[in-house]
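The next block holds one structure in the form of structure tokens; read it before the comments.
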Amino acid sequence: VSTRTTLMIGEMVAAGASLREAIVTSLQTNKETLESTLLSLHMEKG
């Protein structure tokens with residue numbers, strides 16, 4: 001698992017996803033799409 005993927009999984013867990021959900025989502029989702037979604041979550045949380 002790359003550092004980038006690990007960081008994205010950590011971001012999803014911090015946003016409230018379970019570790020299982022975060023891993024499954026990161027494996028099923030295009031990296032650019034996932035990154036874009038996480039960035040928008042950060043903007044919403046301020």
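Six or more apart or on different chains, Cβ atoms under 9 Å: show the pairs whose first residue is in the stretch 13-24 and within 14 Å of Val1 (Cβ to Cβ) and whose second is β-branched (Val, Ile, Thr) and surrounded by 13 or more Cβ atoms within 10 Å (Cβ to Cβ).
Leu19/Ile9; Leu19/Val13; Ala22/Ile9; Ala22/Val13; Ile23/Ile9
Here's a check for you: in the chain, which residue that is in a loop (DSSP other than H, G, I, E, B) and not aliphatic (A, V, I, L, M) is surrounded by the fewest Cβ atoms within 10 Å (Cβ to Cβ)?
The residue in question is Gly46.
All of the numbers you see were taken from the coordinates with simple rules; none came from a lab. As the structure is a prediction and not an experimental result, all values here were calculated from the model. Cβ atoms come from the backbone with ideal geometry, glycine included; neighbour counts cover every protein chain shown.
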